[in-house]
Amino acid sequence: MTDDASHPPVIDTDVPHSARIWTYWLGGKDHYPVDREAGERVRETFPAIVDLARIGRYFLGRVVRYLAGEAGIRQFLDVGTGLPTVDNTHEVAQRIAPEARIVYVDNDPLVLAHAEALLTSTPQGATDYINADVRDPDAILARAARTLDFSRPVALVLMGVLAHVADYDEARAVVRRLLAALPPGSFLAVRDGADTDPDYSEAIRGYNASGAVAYHLRTPEQIAGFLDGLDVVEPGVVPCPLWRPDVSPLTSAREVALLGGVGRKP
């Protein structure tokens, strides 16, 4: 059952929203003129943003395949999931392990309105949706415990959401609080935008001026810092196309300003 499912979501179509803009870049349909306008302004400054959106999605798929396959994880807490699209976390995980249990978390009313698409679990597994903010980890953990067993390893998935927390120390604290509730053998998977490309940085400044919830690029060292204290999985925190690619990435992949990595809690 979705959290707050009995209350019709209030969707503000006058202010651009990151989840809808991201869906627009991915070629989805769940967006409004204000989102398309904001998305086009970013693309005019930084045409590669569409490629970055797809790179981020492919990275998620590879990470979940690794976690459900090689790492043997059967529980996933996906915070900041965004709008449903192709190969959502539960679909990838349950293709490998039909008994996998997934809890999604987001605070966008449009995601809540489409949450049923995130609840199409296999009979052997389970999915749930929580309407909550990443800045409230205690509420997330309390509600996730309805579906996940925190005595068994969990994969915490934070794809692009920590960049919406302006203060880096606060973002680190959120990660530490969520990880503290998970047992040894759990994993953290992170992906965020880096400040290594001047054109990307300029485009994000324009995006933040649009009225959407601001997105804060981090240094590569800061992104890697989210995995401090964990056993980092090879190849480490790297440009996303270089993380266990399905095919050999182009040499330019090293310049992609979207970094990700996975770590295991010892």
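Rank these for me by crowding, Glu91, Glu221, going from fewest to most other beta carbons within 10 Å.
Glu221, Glu91
Using only Cα atoms, figure out Rg for region 98-241 and give it as a multiple of 2.2 N^0.38 Å.
It is 1.12.
Using the number of other C-beta atoms within 10 angstrom as an exposure proxy, rank Ile11, Ile102 with the fewest first.
Fewest-to-most ranking of Ile11, Ile102: Ile11, Ile102.
Assign one of three labels to region 97-177, namely rounded, prolate or oblate, based on the Cα gyration tensor with a ≥ b ≥ c the square roots of its eigenvalues; rounded applies when a/c is under 1.5, prolate when it is not and a/b is larger than b/c, and oblate otherwise.
Verdict is oblate for region 97-177.
Kindly give Rg over Rh for region 1-109, based on alpha-carbon atoms, with the Kirkwood expression for the hydrodynamic radius.
That ratio equals 1.02.
How much of the pair distance distribution for region 18-264 lies past 25 Å, counting alpha-carbon pairs only, in percent?
Roughly 38 percent, rounded to a whole number.
Select from Val165, Ile130, Ser151 the residue farthest towards the positive end of the dipole of region 116-168; place +1 on Cβ of Lys and Arg, -1 on Cβ of Asp and Glu, and compute about the Cα centre.
Sorting the options by dipole projection puts first Ser151.
Amide H of Gln75: which non-local residues (sequence gap of 5 or more, or other chain) have their own amide H closer than 5 Å, using H built in the peptide plane?
For Gln75, the qualifying residues are Arg101, Ala155.
Write down the percent of antiparallel bridges among all DSSP beta bridges whose residues are both part of the chain, to the nearest 5.
Looking only at bridges with both residues in the chain, the antiparallel portion is about 35 percent.
Within a Cβ distance under 12 Å of Asp12, other residues only, what is the Lys/Arg minus Asp/Glu net charge?
-2
Cut-off 10 angstrom, C-alpha nodes, Gaussian network model of the chain. Which of Glu255, Glu116, Glu99 fluctuates the most?
Most flexible of the set in this elastic network: Glu255.
What is the order of His31, His90, His164, fewest Cβ neighbours within 10 Å to most?
His164, His31, His90
Rounded to the nearest 20 Debye, what is the dipole magnitude of the chain about its Cα centre when Lys and Arg each give +1 and Asp and Glu each give -1 at the C-beta?
740
Quick check: Cα centre of region 87-119 to Cα centre of region 11-33, how many Å?
19
List residues of region 91-107, by number, whose backbone nitrogen lies under 16 Å from a label position 7 Å along Cα→C-beta of Asp246.
Under cut-off, by backbone N: 91-96.
Calculate one ³J(HN,Hα) per residue across region 145-159 by plugging θ = phi - 60° into the Karplus curve 6.51 cos²θ - 1.76 cosθ + 1.60, and present them in order as whole Hz with x for glycine and proline.
5, 5, 10, 9, 9, 6, 8, 10, x, 10, 9, 8, 10, 10, 9
Mind telling me which of Asp14, Asp138, Asp149 comes out most flexible in a GNM of the chain, alpha-carbon contacts under 10 Å?
Highest fluctuation among the options: Asp14.
Throughout, read-outs are computed from the coordinates displayed, never taken from laboratory work. Bear in mind that the values here come from a model prediction, so they are computed numbers and not experimental data. Heads up, the Cβs are rebuilt from the backbone with ideal geometry, glycines too, and the neighbour counts pull from every protein chain shown.
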